[in-house]
Amino acid sequence: MKVLLQDKKTGLFFVSEGSWTGERAEARDFKTSASAIWTAQQYNLQNAAVVFAFGSASNDVQVTIREETLAGTGGPAPSTGRGGAKGRPGVKRSRRPHMGPIPEVPKAQGGRVSGESLRGSAG
């Protein structure tokens with residue numbers, strides 16, 4: 001899948017600042033929708049849409065970028081799609097998302113057993 005920017009009025013795809021093409025294969029692949037939207041904000045690209053290109057044009061999914069989104073310029077650059085927070089000050093990397101505590105699984109099921117879970121299961 002490629003992530004492209006398209007001018008909805010002309011049907012042309014973004015290549016670089018001031019450069020557009022009618023060929024999807026020549027268009028810039030942004031890798032992520034956040035990167036495409038950030039670029040549309042930076043260059044104030046009115047009538048822009050993010051296109052998720054899946055092989056042939058008939059499979060494309062197009063999402064219009066709202067004017068309110070384009071008005072919100074500034075802020076940090078999007079990630080490169082590699083994950084993590086490397087190189088972004090003030091952002092900590094986390095090995096696991098905030099999903100609450102890890103549940104205890106009895107040793108017989110291949111898990112670990114803590115003193116708390118043993119005391120709580122005695123009956």
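None of the figures in this text is laboratory data; all of them are computed from the coordinates on show. Fair warning: this is a prediction, and the values are worked out from it, not measured in the lab. Note: ideal-geometry Cβ built from the backbone for every residue, glycine included; neighbour counts use all protein chains shown.
Quick notes on this structure:
- When only Cα pairs below 8 angstrom with a gap of at least 6 residues are kept, the stretch 8-64 shows a relative contact order of 23 percent.
- Here, P(r) means the percent of Cα pairs in each 5 Å bin from 0 to the largest distance; for the stretch 1-81 it is 3, 17, 29, 27, 17, 6, 1.
- A full extension of the chain between Y43 and S56 corresponds to an added length of 1.9 nm, given 0.36 nm per residue minus the alpha carbon distance.
- Here the label points at A25 and A71, each 7 Å from Cα along the C-beta direction, are separated by 4.1 nm in the simple model.
- Residue exposure sequence - R66, R28 - by fewest surrounding Cβ within 10 Å: R66, R28
- With Cα atoms defining each centre, the stretch 1-33 and the stretch 34-67 are spaced 8 Å apart in the structure.
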